[in-house]
Amino acid sequence: MKKLLEVCVDSLASARAAQAGGADRLEFCSALAVGGLSPYPELLRQIKAECSLPVRCLMRPRAGDFLYTKDEIDLLCAQIHTLRDTGADGFVIGALTPDGALDKPAMAQLLDACGDKPVTLHRCIDVSCDLAGTYRDAATLGIDTVLTSGGAASCRQGTAALAKMLALRNELQGPEVLIGAGVSAAVITELRAALPGARAFHLSGKKLVESTYRYMAGGCPAPAITLPSSACRVYTGREVCDPAGDRSGLPKID
């Protein structure tokens, strides 16, 4: 497989920036602040109208763990069908059992909804009970890519586990190992030296955009969200994907 730089995007602006910066593929999601949720078909339509890059949609019904009810799996399948009809080129999915193994029945249902579209197993693998076992299960299911940090908070911390997974990829001729979590130009250079087989990377270039909203109401700074369990949770900005970073372009995988 050729070298790959996948960029996470959550808006038309970030998709434009990713394409202009040299991305090879987009992962499209909403709600970046909670790790990404299923995206909007209307926004996918806008992105596909302007960007020529393949787009894989992250499918996640809510924040929190990857243990899903039947209703949640049914919802994901319905969302997948809608996004397929809207032009999605692939999907990013994952579901675990209470014991941390890949939920094969749930995955089979999701894969059936994806049809012939290529599929990435998302970072549920990083909180699974057995990285190698979950990778093998993904390979058996016909998944072509596994997004992972090597079971660590960042890919740099997961280097040793990533080395084992890359070796397993080569042994099985299995899914591509898409390295994510804390990826930057410097990290790509570092990991390419430490892991000669590393050839696929995923980044979002997240940054906080300060709000320009100025109106104050009821003594609570706005914009804000009032939660039942607390008085007022204040947000003074929003987290967005900024793949262009300093506008000098995305990192290159040499």
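Every number in this text was worked out from the coordinates using simple rules, so none of it is lab data. Remember, it's a predicted structure, so these values are computed and weren't measured experimentally. Reconstructed Cβ throughout: ideal geometry from the backbone, glycine too, with neighbour counts over all protein chains shown.
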Fill in the blank from the handout: Sorted by chain and then number, the residues having a modelled amide H within less than 5 Å of the amide H of Glu176, at least 5 places away or on another chain, are Thr145, Val146
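Which pairs, out of Lys48/Lys70; Lys117/Lys252; Lys48/Lys117; Lys70/Lys104, put more than 19 Å between their alpha-carbon atoms?
Values: Lys48/Lys70 31 Å; Lys117/Lys252 27 Å; Lys48/Lys117 16 Å; Lys70/Lys104 13 Å.
The answer is Lys48/Lys70; Lys117/Lys252.
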Handout entry: Within-11-Å neighbourhood charge of Cys124 [Cβ basis; K, R +1; D, E -1]
Key = -1
Handout entry: the stretch 48-155: proportion of alpha-carbon pairs further apart than 19 angstrom, %
Key = 41
Problem - Mean separation of Cα contacts under 8 Å (6+ apart) over length of the stretch 1-135, as relative contact order % - result: 19
Exercise for the section: Please give, to one decimal in nm, the separation of the simple spin-label points placed at Ala13 and Gln157, each 7 Å out from Cα toward the Cβ. Expected result: 3.1
Practice task
Post the alpha-carbon centroid distance, the stretch 1-18 to the stretch 77-156, in whole angstrom.
Solution key: 19
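With a Förster radius of 30 Å, plug the Cβ-Cβ distance of Ala108 and Arg62 into 1/(1 + (r/R0)^6) and report the FRET value to the nearest 0.05. The partial results should precede the final answer.
Values: r = 21 Å, r/R0 = 0.70.
Once rounded, the FRET efficiency stands at 0.90.
Using alpha-carbon pairs under 8 Å, 6+ residues apart, how would you state the relative contact order of the stretch 6-52 in percent? If you can, show how the numbers build up before the last one.
Details: 50 pairs, mean separation 18.4, N = 47.
Computed over the stretch 6-52, the figure is 39 percent.
Length gain on complete extension for the stretch Thr212 to Lys117, per 0.36 nm per residue less the alpha carbon to alpha carbon distance? Don't jump to the answer; show the numbers that get you there.
Numbers: separation 95, 0.36 × 95 = 34.20 nm, distance 4.04 nm.
Contour length minus Cα-Cα distance gives 30.2 nm.
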Completion exercise
For the pair Ala31 and Ser184, the simple spin-label estimate (label points 7 Å beyond Cα toward Cβ) gives in nm 2.9
Handout entry: Over the stretch 50-97: Kirkwood hydrodynamic radius from C-alpha pairwise inverse distances, Å
Key = 11.7
Problem - Label point 7 Å beyond Cα of Glu42 along Cβ direction - residues of the stretch 82-108 with amide nitrogen under 18 Å - result: 82-88
